[in-house]
Amino acid sequence: MDIKALDKALQEIVAKRKELEKIDYNDPTYDDLEEALHDLEDEFQDEYGEYLEEVLQEVHDTLCPDNDVLMPIAYLGKGVFVEVDKYAGKDTKLVLEANPPRVLLTVGKDKQEIVWTAK
C-alpha cells in the first residue's frame, strides 16, 4: 500500500469538504464542488476501499464487534458512532483521519485513542 498516496487522497477529500462547507447551497459553484467531491470519494473508494474495509473490520472485531463496518468514506470527518463495551453509555465513534492515515476512537469530547495507523 502506498501510504503517501492514501494520505494525499484523504487530505484532498478533507480539503474539498471544507471548501464545500464554506459556501451555501445557492452559490453557483456549489453543484460543481459537490460533484468534484463525489468524484474524489468514488476514486478513493475504488483505490483504497478494500484495503480500508479490511482494516476497519479488524478494528471493529477488536472494539465493537456488534457494529457493522461501513464504507471507509463514512468514517472520514465526523466519524461513525459505535458501541464499545469498555465505554458503555458513552458516545464513541471511529474516525478516519489523515496525516498520517489513522483511525481514532473518540470517547465523548475529551478522549481520543489511536487504534490503527497506516504503515
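The values are calculated or read from the model by the stated rules, or taken from the named source; none is laboratory data. Note that the coordinates shown come from a computational prediction; the quantities given were computed from them, not determined experimentally. Here Cβ is always computed from backbone atoms with ideal geometry, including for glycine, and neighbour counts include all displayed protein chains. Quick note on the areas: whole protein, heavy atoms, side chains included, nothing else; ligands and nucleic acids left out. Shrake-Rupley method; radii C 1.70, N 1.55, O 1.52, S 1.80 Å.
In the structure shown, the pairs 22/90; 4/119; 86/111; 18/78; 78/109 are assessed against 20 Å; a Cα-Cα span above that value is assigned to 22/90. Shown for the stretch 1-115: the carbon plus sulfur share of the solvent-accessible area, taken with all protein chains present and a 1.4 angstrom probe, equals 45%. Taking a sphere under 9 Å around the Cβ of residue 105 and counting the other residues whose Cβ falls inside, with K and R at +1 and D and E at -1, yields a net charge of +1.
Diffusion of the stretch 24-82 by Stokes-Einstein, at 37 °C in a medium of 0.692 mPa s and with Rh set to the Kirkwood radius over alpha-carbon pairs, works out to 251 µm²/s. Loop-resident trypsin sites (Lys or Arg not before Pro) (DSSP state other than H, G, I, E or B) in the stretch 1-91 with no more than 15 further Cβ atoms inside 10 Å of their Cβ: 22, 78, 90.
The convex hull built on the alpha-carbon positions of the stretch 32-119 has an orientation-averaged projected area of 6.2 nm². A Förster distance of 22 Å, applied to the separation of the beta-carbon atoms of residue 29 and residue 5, puts the FRET efficiency at 0.20.
Between the stretch 62-108 and the stretch 4-32, the C-alpha centres lie 22 angstrom from each other. Between the helical axis of 30-63 and the longest alpha-carbon principal axis of the chain there is an angle of about 10 degrees. By how many degrees, 0 to 90 and rounded to 10, does the Cα axis of helix 3-21 deviate from the longest principal axis of the chain? Roughly 60 degrees, rounded to the nearest 10. Restriction of the GluC sites (Glu not before Pro) in the stretch 27-119 to DSSP coil positions whose beta-carbon has at most 15 other beta-carbons within 10 angstrom yields 83. Computed over protein heavy atoms with a 1.4 Å probe, the accessible surface of the chain works out to 65 Å² per residue.
Annotation: extensible slack from residue 39 through residue 102 equals 20.4 nm (criterion: 0.36 nm per residue apart, minus Cα-Cα distance).
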